[in-house]
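**Student:** The structure under discussion is supplied below as structure tokens; questions concerning it will follow.
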Amino acid sequence: MKSRRRQRYLLYVILLVGFALRLTRLGAQNIWWDEGLSVVASRMSFTEATLWTAADVHPPLYFWLLWLWARVSGETEFALRFITVLEAFLTLPAIYVLARRLSRSTAVGIGAAGLLALSRFHIWWSQEMRMYILAGLCATLSLYFTARLADGEATRRTIGGWILATAGAMLTVYSSIVLVPIENLTLLLAGWRSFRRREERWRFWGRWIAIQAGVLPFVIPWMALALPRMRSWSVVKEPTSLGFVLELNAVLVALGISTEVGRYRVPALLVMGVLIGGIVLLLRRGTSPTGRTRWLWTLALLGSSILLMPLIIWALSQPRALFYNPRVEARYLLPLAPAFYVLLAWALSGWLHTPTKLRYLGWVFCFGIAGLMLWSLPQHFASRYLRDNDLTLSHIIWSHAQPGDALALVSGDRYPIFTLSYDRAPAPETRPAITRLPQSPPPLTEATAATELSVLATEHSRIWLVQLERSLEDPEGQAEAWLMAHFKRILHYEFGYNALSLFAATDEEALVTLQNTPPQTLLAQNLGGKGTLLSYDLPVTEFRPLDDVRLGLYLEAQHPLTLTITLRGKDGAAADSRTIETAPTPAGKARYQQVRFTIQPYTPAQPYTFELSTPDGVKVHFGQLHVTHTLKPPILARIPHRLEASAGEATLLGYALRGAQAANPPVAHPGATLELTLYWQAQAPTSQSYTVFTHLLGTAYNPATQGPLWAQDDQIPLEGAYPTQNWLAGVPLEDTYMLAIPPETPPGDYQILTGMYQTDTGDRVPVTGLGADPLTGNILLTLIRIEP
């Protein structure tokens, strides 16, 4: 009795842990393209959403549920994804009852639920607004009711449950058709062994065929609607090998990682070895505890579930002309992944129930597999954070828009992502309606731009132009060129590959009407009687290296204002500052000023606030953001080889050399690669972009370089991520370069040199200090001997 209670409490803990993991940072990730399509479908009428889905590559069940859910939950990232979390949570008790039914062991059921609860693969797609988790839930329930049928429990509840679960799976993803051969094979084995007489077998199979026919009333109407509307297209350039698909599947179920799967081949193979070894141990017990016949069909049910889905996905990815031809994606392998965790839990029980010392090895495997899963989880959660994307862009339009404005959107397939930000609360009802360009097949031509924009120009005196990844739909900038020729551009902001412009028929100022949608945060801070900081926009609050912090200020000025905005850390240090000029604003109007800071790779990770100051000494502190995941400066005492040399405003503090044998001088061989790490520190800000060079210089002539240069690696620091004009004064940095020594390099003594040159002109930066040669601009780091 106490044992059962402990098992029940353990199951409750697993359910809670699984639920909590799936909620962790659920809303801390921007909605991506596929999710954006789901949101677009949820905004349609029910009929429109159904017809849209019929022309897509997925059945409608998930979209129907999302359509209902969105009407009560709202459209935040957390709210929209929560329905997937609920489906994922329900899969945990579903896998528990499936594993317990197949193994006749509560412990195996708890183990399977625990493995699924910790599965990064399952957690990953539990936090996406897609249909694969729902398909997995329905497939797991379908397998469970199949097991009950195989056990002879052909009750109304079992039959009804199987029909609903199987129909649900098939109406969620089309690949769920794989359940048909899996479950027919299972019941073939179960029925063939259980019934000795031919009449009993025919009766059993007749009933099973009738049960399967119960799915048809759910599936046939949908297929009749969808088949005439389905499109056929291919995104496959080269066929994928079956070996890769199987390897990907193994790494996914073991570690939940879908990139660089070859790096994780060994741990995945170890998990597969544990599974196979556990099955062998179970087989060596003569018969399973539930009988040889039952063991046979159970193994067929789980084994075919694990193997057939990768085979189906591989087959679907092969080039052909009929129906959708997708690339192999991790998510396609998810629906039947729970079967793997059932079999793995059962295999682990095989290790734990051996009467030998293998039992202790079984515990090592249990904790090892759980440790692998836990090790991979932080990597998943660390990648999740909300980026600004189109939020600031949408806020600018909301606050500046006037009645009668038009909005031309050049976005291609990005439109679902933009509309999610633009149309989501608190979007004002008066925001300009979207007109997508081009309305004919892309790209946008000069004639098409003139035709489509002329229609807008005749009806609107102000036109917003939103360009998202403009190089795809309008690579020659035809829309912008036409508007520049016929209107005056009164507002323009760049957002990386994207841009926002406002064009007007008259030369007016782009001011904000105070009655418009209020910005994100109201302040109403007096600026010494010369103006007022009304409010500010900062749509997201977590920033990582190379992210842009776009602070939107709404200012009312009675006199010209000069304002300095400083990004100040919790430690009191200023990370960066900007100065802006603001002209007086008419009564009832405000001016929007955007202040942009770029988070550098070595910006200290800590909380920050904004400090606004005026020449009169007025200071206003407001807002808060967090900088995370930046690099920690190197510890100077740990630099292997210290130097005191300078290149321009930068000090070379020292270097580290790897790939050479320790000697005096170090020794390397032809064909080796030297890893050279330089340690720099800017003494003062610089406005120049410098390229750092590292050279291996000898005395022998190299025909490849037509001189004594035998190896080099020149780059803007941190592979272009940290140009010298962005270096933080007083903050050390480390930068690594690779010098590949050619195989034909003759033996002898060589110099390893470094220095800087101006990126745009190639002129060497003046050098001073230890090892510096002012005439050549080189800094000698060390001699190195090349030996055969």
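**Student:** Test each condition in (1) open to solvent by 30 Å² or more (accessible area, probe 1.4 Å); (2) assigned to a loop (DSSP other than H, G, I, E, B) for L311 and report the one that comes out false.
**Tutor:** Tallying (1) open to solvent by 30 Å² or more (accessible area, probe 1.4 Å); (2) assigned to a loop (DSSP other than H, G, I, E, B), L311 fails exactly one: (2).
**Student:** Return the residues of the stretch 31-62 that are part of a helix (DSSP H, G or I), open to solvent by less than 50 Å² (accessible area, probe 1.4 Å) and closer than 16 Å to V219 by Cα; say none if nothing qualifies.
**Tutor:** T50, T53, A54, L61, Y62
**Student:** Which residue out of E611, E644 is part of a strand (DSSP E or B), touching a Phe, Trp or Tyr at 6+ places or on another chain (Cβ under 9 Å), over 23 Å from L393 (Cα atoms) and charged (D, E, K, R)?
**Tutor:** E611 is the lone residue from the list that is part of a strand (DSSP E or B), touching a Phe, Trp or Tyr at 6+ places or on another chain (Cβ under 9 Å), over 23 Å from L393 (Cα atoms) and charged (D, E, K, R).
**Student:** Further question on the same structure: From I95, I159, grab the single residue that is farther than 28 Å from H353 by Cα, of a type in the set (A, V, I, L, M, F, W, C) and either open to solvent by 30 Å² or more (accessible area, probe 1.4 Å) or at pLDDT 95 or above (or both).
**Tutor:** Every option except I159 fails the conditions.
**Student:** Given (1) polar (S, T, N, Q); (2) within 29 Å of R4 (Cβ to Cβ); (3) assigned to a loop (DSSP other than H, G, I, E, B), identify the lone condition not met by T172.
**Tutor:** (2)
**Student:** Are any residues in the stretch 454-472 among the hydroxyl-bearing types (S, T, Y) and more than 16 Å from V410 (Cα to Cα), and if so, which ones?
**Tutor:** Answer for the stretch 454-472, where residues must be among the hydroxyl-bearing types (S, T, Y) and more than 16 Å from V410 (Cα to Cα): T458, S461.
**Student:** Regarding R387, is this residue assigned to a loop (DSSP other than H, G, I, E, B) and under 28 Å from L551 (Cα atoms)?
**Tutor:** yes
**Student:** Considering only residues that are under 19 Å from F78 (Cα atoms) and of a type in the set (S, T, N, Q), look in the stretch 36-67 and name the one that is nearest to the chain's Cα centre (by Cα).
**Tutor:** Applying the filter and picking the extreme gives S38.
**Student:** Shifting gears a bit: Here is a list: T84, T76, T47. Which entry is touching a helix residue (DSSP H, G or I) at 6+ places or on another chain (Cβ under 9 Å) and among the hydroxyl-bearing types (S, T, Y)?
**Tutor:** From the options T84, T76, T47, the qualifying one is T84.
**Student:** Please name all residue pairs, on different chains or six or more residues apart, with Cβ atoms under 6 Å, provided the first residue is in the stretch 532-554 and is small (G, A, S) and the second residue is assigned to a loop (DSSP other than H, G, I, E, B).
**Tutor:** Going by the 6 Å Cβ cut-off, the qualifying pairs are S535/P519.
**Student:** Let me ask something else. Count, please, the residues in the stretch 511-530 that happen to be among the small types (G, A, S) and either in a strand (DSSP E or B) or in contact with a helix residue (DSSP H, G or I) (Cβ under 9 Å, 6 or more places away or on another chain) (or both).
**Tutor:** Summing the residues that are among the small types (G, A, S) and either in a strand (DSSP E or B) or in contact with a helix residue (DSSP H, G or I) (Cβ under 9 Å, 6 or more places away or on another chain) (or both) in the stretch 511-530 gives 1.
**Student:** Return yes or no: is L733 open to solvent by less than 20 Å² (accessible area, probe 1.4 Å), touching a helix residue (DSSP H, G or I) at 6+ places or on another chain (Cβ under 8 Å) and either free of Cβ contacts under 8 Å to residues at least 40 places away in the same chain or under 24 Å from S689 (Cβ atoms) (or both)?
**Tutor:** yes
**Student:** Please name all residue pairs, on different chains or six or more residues apart, with Cβ atoms under 8 Å, provided the first residue is in the stretch 464-477 and is within 15 Å of N389 (Cβ to Cβ) and the second residue is part of a loop (DSSP other than H, G, I, E, B) and open to solvent by less than 70 Å² (accessible area, probe 1.4 Å).
**Tutor:** Once the first residue is within 15 Å of N389 (Cβ to Cβ) and sits in the stretch 464-477, its partners that are part of a loop (DSSP other than H, G, I, E, B) and open to solvent by less than 70 Å² (accessible area, probe 1.4 Å) give V466/S411; Q467/S411; Q467/D474; L468/D390; L468/S411; E469/S411.
**Student:** Quick one: in the stretch 1-57, which of the residues that are touching a Ser or Thr at 6+ places or on another chain (Cβ under 9 Å) and β-branched (V, I, T) is nearest to M230 (Cα to Cα)?
**Tutor:** Per the criteria, the residue is V40.
**Student:** Considering A637, A645, A656, A662, which residue is buried (at least 20 other Cβ atoms within 10 Å of the Cβ) and either acidic (D, E) or on the phi < 0 side of the Ramachandran plot (or both)?
**Tutor:** Of A637, A645, A656, A662, the one residue that is buried (at least 20 other Cβ atoms within 10 Å of the Cβ) and either acidic (D, E) or on the phi < 0 side of the Ramachandran plot (or both) is A645.
**Student:** Write out, first by first residue and then by second, each pair whose Cβ atoms fall under 6 Å of each other, whose residues are 6+ apart or on separate chains, and whose first residue, in the stretch 272-283, is within 16 Å of E247 (Cβ to Cβ) while the second is of a type in the set (A, V, I, L, M) and part of a helix (DSSP H, G or I).
**Tutor:** M272/A250; L275/L344; L275/A347
**Student:** Let me ask another. Just need a number here: residues in the stretch 351-407 that are of a type in the set (S, T, Y), over 35 Å from the mean Cα position of the chain (by Cα) and open to solvent by 40 Å² or more (accessible area, probe 1.4 Å).
**Tutor:** Of the residues in the stretch 351-407, 2 are of a type in the set (S, T, Y), over 35 Å from the mean Cα position of the chain (by Cα) and open to solvent by 40 Å² or more (accessible area, probe 1.4 Å).
**Student:** Quick check on this structure: which one of R414, R462, R431, R470 is at pLDDT below 90 and closer than 25 Å to K488 by Cβ?
**Tutor:** Unique residue meeting the criteria: R470.
**Student:** Please count how many residues of the stretch 90-135 are over 25 Å from L420 (Cβ atoms) and either in contact with a helix residue (DSSP H, G or I) (Cβ under 7 Å, 6 or more places away or on another chain) or in a helix (DSSP H, G or I) (or both).
**Tutor:** Residues meeting the conditions: 32.
**Student:** Pull out all pairs, ordered by first then second residue, where Cβ-Cβ is under 8 Å, the residues are six or more apart or on different chains, the first lies in the stretch 613-625 and is without any contact (Cβ under 8 Å) to a residue 24 or more places away in the chain, and the second is surrounded by 13 or more Cβ atoms within 10 Å (Cβ to Cβ) and assigned to a loop (DSSP other than H, G, I, E, B).
**Tutor:** none
**Student:** Tally time: how many residues in the stretch 705-725 are in contact with a Pro (Cβ under 9 Å, 6 or more places away or on another chain) and either assigned to a loop (DSSP other than H, G, I, E, B) or on the phi > 0 side of the Ramachandran plot (or both)?
**Tutor:** 6
**Student:** Okay, moving on. If you go through the stretch 467-510 one residue at a time, how many are touching a helix residue (DSSP H, G or I) at 6+ places or on another chain (Cβ under 7 Å), acidic (D, E) and in a helix (DSSP H, G or I)?
**Tutor:** Selection size over the stretch 467-510: 1.
**Student:** Hey, another quick one. Quick check, is A447 over 25 Å from M129 (Cα atoms), hydrophobic (A, V, I, L, M, F, W, C), over 27 Å from the mean Cα position of the chain (by Cα) and surrounded by fewer than 19 Cβ atoms within 10 Å (Cβ to Cβ)?
**Tutor:** Considered against the rule, which asks whether it is over 25 Å from M129 (Cα atoms), hydrophobic (A, V, I, L, M, F, W, C), over 27 Å from the mean Cα position of the chain (by Cα) and surrounded by fewer than 19 Cβ atoms within 10 Å (Cβ to Cβ), A447 comes out as yes.
**Student:** Could you grab me the full set of residues in the stretch 459-487 that are exposed (fewer than 14 other Cβ atoms within 10 Å of the Cβ) and of a type in the set (D, E, K, R)?
**Tutor:** E459
**Student:** Taking the stretch 191-228 as the region of interest, how many residues are at pLDDT below 85, in a loop (DSSP other than H, G, I, E, B) and open to solvent by 80 Å² or more (accessible area, probe 1.4 Å)?
**Tutor:** Total meeting the criteria: 2.
**Student:** Follow-up. Would you please list the contacts, defined by Cβ atoms under 6 Å and residues six or more apart or on different chains, that run from a residue in the stretch 555-569 that is among the small types (G, A, S) to a residue that is open to solvent by 10 Å² or more (accessible area, probe 1.4 Å) and in a strand (DSSP E or B)?
**Tutor:** Close Cβ pairs satisfying both conditions: G569/A575.
**Student:** While we're looking at this one, here's another question. Can you find a residue in the stretch 596-605 that is farther than 17 Å from F543 by Cβ and in contact (Cβ under 8 Å) with a residue 12 or more places away in the chain?
**Tutor:** Among the residues of the stretch 596-605, not one is farther than 17 Å from F543 by Cβ and in contact (Cβ under 8 Å) with a residue 12 or more places away in the chain, which makes the answer no.
**Student:** Being surrounded by fewer than 17 Cβ atoms within 10 Å (Cβ to Cβ) and either aromatic (F, W, Y) or touching a Ser or Thr at 6+ places or on another chain (Cβ under 8 Å) (or both) is the requirement here; does P426 meet it?
**Tutor:** Spelling it out, P426 is indeed surrounded by fewer than 17 Cβ atoms within 10 Å (Cβ to Cβ) and either aromatic (F, W, Y) or touching a Ser or Thr at 6+ places or on another chain (Cβ under 8 Å) (or both).
**Student:** Report whether or not L728 is surrounded by 13 or more Cβ atoms within 10 Å (Cβ to Cβ) and not in a loop (DSSP other than H, G, I, E, B).
**Tutor:** no
The values are calculated or read from the model by the stated rules, or taken from the named source; none is laboratory data. Nothing here was measured: the structure is a model prediction, and the numbers come from that model. Cβ atoms come from the backbone with ideal geometry, glycine included; neighbour counts cover every protein chain shown. These area figures cover heavy atoms from the full protein model, side chains too; ligands, DNA and RNA do not enter into them. Shrake-Rupley method; radii C 1.70, N 1.55, O 1.52, S 1.80 Å.
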